[in-house]
Amino acid sequence: MARATTEQGDHMPTVFKQPSDLKDAIGQNLGQSEWLTIDQDRINLFADATGDHQWIHVDPERAKDGPFGACIAHGYLTLSLANLFLPQVLEVQAVRMGVNYGADKVRFPAPVPVGSKVRGSGELIAAEDTKDGAVQAKVRITVEIEGNDRPACVVDTISRFYPE
C-alpha cells in the first residue's frame with residue numbers, strides 16, 4: 001500500500017493488492033495526482049459537450065470585466081476531473097471489474113480561472129462489502145488549485161471493485 005514516486009517525479013497511485021485490502025485502510029491519505037492546466041480549449045470543449053456556453057466560461061473579452069477577471073472552468077468540468085484523478089491516486093489489483101457507483105456531497109468552494117493548474121488529492125474515507133460481492137470504496141477527491149488555499153471541488157466518489 002506504499003506510495004511511490006518515479007525518478008522523473010511522476011506520481012504513482014497507492015496500490016492495493018486486492019479489493020478487501022481497502023477495508024483495512026480507511027482514513028489513509030492516497031496522495032496527489034499530477035498537475036493539470038485548465039486551458040480555454042478544455043473549457044470550450046466542455047461547453048460544447050454540455051451546451052453550457054455561459055459567458056463566464058467561454059467569452060474571454062466579456063469575462064475580463066466580469067466578477068472573476070477571466071474565464072473560469074465550469075464547476076461540473078472540475079467535478080468531472082475526479083474521474084481523471086482517481087486512478088492517479090488509487091489502484092486496486094485483482095479485480096475483474098471496477099465501476100463508478102456515484103458520488104456524495106459535492107462542493108465547489110473556489111472558481112478555477114483559465115490557465116490555473118489543478119490536481120486531485122485523495123483520501124479513502126470508507127470501504128465495505130456489498131451484497132453482490134464487491135468492495136464499495138468512498139474516496140474523497142479534493143481538487144486543489146495551485147497557489148490557492150481553497151479547493152476548487154471536494155467530492156466523495158463511490159466506486160465498486162469486484163474481485164477476480
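Readers should treat all values here as calculations from the given coordinates under stated rules, not as data from a laboratory. Being a predicted model, the structure only gives us computed values, none of them experimental. Note: ideal-geometry Cβ built from the backbone for every residue, glycine included; neighbour counts use all protein chains shown.
Within the listed set 61, 146, 123, the Gaussian network model of the chain (springs between alpha-carbon atoms below 10 Å) gives the highest mean-square fluctuation for 61.
With charges only on Cβ, +1 for K and R and -1 for D and E, what is the dipole size of the range 61-164 about its Cα centre, in debye, rounded to 20?
Numbers: 12 positive and 13 negative charges, 45 e Å.
For this selection, approximately 220 debye.
With the charge dipole of the chain set up from +1 on Lys and Arg Cβ and -1 on Asp and Glu Cβ about the Cα centre, the Cα lying farthest toward the positive end among the listed residues 63, 85, 30 is that of 30. With the highest mean first, a sort of the peptides 19-25, 42-48 on other beta-carbon atoms found within 10 angstrom per residue produces 19-25, 42-48. To the nearest ten degrees, helix 40-50 and the longest principal axis of the Cα atoms of the chain are 70 degrees apart. Considering only 108, 68, 85, the Gaussian network model of the chain with Cα springs below 10 Å gives its largest mean-square fluctuation to 68. Note on residue 50 and residue 80: the model spin-label points, each 7 Å out from Cα along the C-beta direction, lie 0.7 nm apart. Using the scaling law 2.2 N^0.38 Å as the reference, what is the normalised Cα Rg of the range 84-164? Cα Rg divided by the expected 2.2 N^0.38 Å: 1.22. For the range 18-73, the percent of C-alpha pairs falling in each 10 Å distance bin, counted from 0 to the bin holding the largest distance, reads 21, 30, 17, 19, 12, 1.
Along the axis of the charge dipole computed for the range 116-164 (Cβ charges of +1 for Lys and Arg, -1 for Asp and Glu, origin at the Cα centre), the listed residues 148, 124, 137 are led at the positive end by 148. The distance between label points at residue 64 and residue 150 comes to 2.5 nm (points 7 Å beyond Cα on the Cα→Cβ vector). Distance between the pseudo-spin-label points of residue 128 and residue 93 (7 Å out from Cα toward the beta carbon): 2.9 nm.
Which percent of Cα pairs goes in each bin when the distances of the range 55-100 are cut into 10 angstrom slices starting at zero? Percent of Cα pairs in each bin: 23, 31, 20, 16, 10, 0. Three semi-axes describe the equivalent ellipsoid of the chain; taken as square roots of 5 times the Cα gyration tensor eigenvalues and ordered largest first, they are 32, 17, 13 Å.
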